[in-house]
Amino acid sequence: AQSVSQHNHHVILSEAASLELGCNYSYGGTVNLFWYVQYPGQHLQLLLKYFSGDPLVKGIKGFEAEFIKSKFSFNLRKPSVQWSDTAEYFCAVNPNSGYSTLTFGKGTMLLVSP
Amino acid sequence: SQTIHQWPATLVQPVGSPLSLECTVEGTSNPNLYWYRQAAGRGLQLLFYSVGIGQISSEVPQNLSASRPQDRQFILSSKKLLLSDSGFYLCAWTMDLNSGNTIYFGEGSWLTVV
């Protein structure tokens with residue numbers, strides 16, 4: 001079965017700092033990859049997703065992620081974080097082999113101090 | 001546009017009592033439906049998913065069950081709740097994940113078993 005590992009459970013940054021959240025998955029075949037975000041008191045919502053094509057994916061609010069197949073990674077980045085980016089971030093993988101399920105990582109709580 | 005609703009939003013139930021959480025999707029047909037449980041520091045755990053009426057797949061053995069009596073209705077149940085069933089439950093839907101579709105989440109239901 002596939003699994004997703006997020007390296008950091010908690011990250012604390014100051015505004016304008018750069019962000020990189022690590023995500024690695026274990027699955028040998030073709031995958032679809034996602035980053036979801038959950039702002040305090042709100043639903044989970046999609047930040048960005050990778051299905052095919054350019055491995056550098058742009059999402060909402062200035063986020064991007066790079067799929068590196070050889071490293072089984074899909075790290076999330078943002079050059080300059082804002083206080084409003086405080087949220088919990090989840091990486092997720094769907095094996096593109098007929099399984100219509102999404103496996104999530106344990107999440108990374110990001111706190112941005114003003 | 002498509003919407004997803006789940007209820008109740010919060011629930012406090014005694015140990016040994018039954019449970020019924022309901023989820024409905026509007027604005028689409030034959031969606032894939034999911035029940036996840038979210039626990040702090042543990043991410044989202046897939047409990048059940050359904051690709052059609054009456055078709056339920058269980059991901060983990062547990063005290064809960066799921067049913068899909070109608071195309072856009074997904075119910076999470078228990079005959080006798082345990083303390084360990086407390087948590088935040090999320091319903092979600094998507095069309096075929098493998099085809100590039102996004103998974104959308106409901107507002108969530110907080111269950112406290114006392």
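In table form, for the structure just shown:
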{"quantity": "So B:I75, is it free of Cβ contacts under 8 Å to residues at least 24 places away in the same chain, more than 11 Å from chain A (Cβ to nearest Cβ), part of a strand (DSSP E or B) and aliphatic (A, V, I, L, M)", "calculated": "no"}
{"quantity": "Count of segment A:10-30 residues which are facing another protein chain (nearest Cβ under 10 Å) and either at pLDDT 90 or above or in a strand (DSSP E or B) (or both)", "calculated": "1"}
{"quantity": "Count of segment A:30-43 residues which are in contact (Cβ under 8 Å) with a residue 40 or more places away in the chain and either farther than 11 Å from A:V93 by Cα or within 10 Å of the chain's Cα centre (by Cα) (or both)", "calculated": "8"}
{"quantity": "Test: residue in segment A:51-63 that is within 9 Å of chain B (Cβ to nearest Cβ) and either among the small types (G, A, S) or in contact (Cβ under 8 Å) with a residue 12 or more places away in the chain (or both)", "calculated": "yes"}
{"quantity": "Enumeration of residues in segment A:42-72 that are part of a loop (DSSP other than H, G, I, E, B) and either closer than 26 Å to B:E107 by Cβ or touching a Leu at 6+ places or on another chain (Cβ under 7 Å) (or both)", "calculated": "A:Q42, A:H43, A:G59, A:F63"}
{"quantity": "Test: residue in segment A:73-95 that is within 14 Å of chain B (Cβ to nearest Cβ) and in a loop (DSSP other than H, G, I, E, B)", "calculated": "no"}
{"quantity": "Selection count where residues are more than 10 Å from chain A (Cβ to nearest Cβ) and either among the small types (G, A, S) or closer than 16 Å to A:K106 by Cβ (or both), scope segment B:33-46", "calculated": "1"}
{"quantity": "Which listed residue, of A:L46, A:L76, A:L102, A:L110, is modelled with pLDDT under 95, among the aliphatic types (A, V, I, L, M), surrounded by 18 or more Cβ atoms within 10 Å (Cβ to Cβ) and within 16 Å of the chain's Cα centre (by Cα)", "calculated": "A:L102"}
{"quantity": "A:V93 vs. criteria within 16 Å of the chain's Cα centre (by Cα) and hydrophobic (A, V, I, L, M, F, W, C)", "calculated": "yes"}
{"quantity": "Residue among B:W110, B:W93 that is within 14 Å of another protein chain (Cβ to nearest Cβ), closer than 16 Å to A:Q45 by Cα and in contact with a strand residue (DSSP E or B) (Cβ under 8 Å, 6 or more places away or on another chain)", "calculated": "B:W93"}
{"quantity": "Residue, nearest to A:H43 (Cα to Cα), within segment B:41-72, restricted to residues that are touching a residue at least 24 places away in the same chain (Cβ under 8 Å), in a strand (DSSP E or B) and not aliphatic (A, V, I, L, M)", "calculated": "B:F48"}
{"quantity": "Sole exception among (1) out of contact with any His (no Cβ under 9 Å at 6 or more places or on another chain); (2) surrounded by 12 or more Cβ atoms within 10 Å (Cβ to Cβ) for B:P69, by number", "calculated": "(2)"}
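The values are calculated or read from the model by the stated rules, or taken from the named source; none is laboratory data. Keep in mind the model is a prediction, meaning the values are calculated, not measured. Counting neighbours? That spans all protein chains shown, and the Cβs are built from the backbone with ideal geometry, glycine included.
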